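FYI, it's all coordinate maths here, none of it is from the lab. It should be emphasised that the depicted structure is a prediction, and the values quoted were computed from it without experimental measurement. Here the Cβ positions follow ideal geometry from the backbone for every residue, glycine too, while neighbour counts run over all protein chains shown.
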Amino acid sequence: MVGAELHLEAIGRSTLGARHDSGVLSAAYSPEFQGAEWVEPDATLGVGSSFIGTNHNETFGEFKVPSFIDAWDEDVAFGWRTSDADNPGARWRFDVESTP
């Protein structure tokens, strides 16, 4: 498992909520990730929701990856598994905590 810590300045709540306002996550943070769309954009978001991510790199060109939400606590945690919910190719998770 690989972990990383990133400190962001945010005002008020909705740090994670902003992630899904523009296609799940911002593609501004990755040269490979191009964006994503919710499978059911009008459904209530939470564990069990899914999205299709669009990626691009020199080796594979453009490719799409289904992802399945497995951790959801509004403004606290957002996690997902790629490719297959039961046998994921990768697992990603963001946990947010307030600091003084």
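Observations on the model:
- Stretching D75 away from F94 to a fully extended chain increases their span by 5.9 nm, per 0.36 nm per residue minus the current alpha-carbon distance.
- Inter-label distance for A85 and T54, nm, one decimal - labels placed 7 Å from Cα along Cα-to-Cβ: 2.5
- Shape call, the range 50-100: gyration tensor on alpha carbons, a/c limit 1.5: prolate
- Distances between placed amide hydrogens fall under 5 Å for S49 paired with I69, all partners being 5 or more residues away or on another chain.
- Charged-residue dipole, Cβ positions (Lys, Arg, Asp, Glu), the range 23-100 about Cα centre, Debye nearest 20: 200
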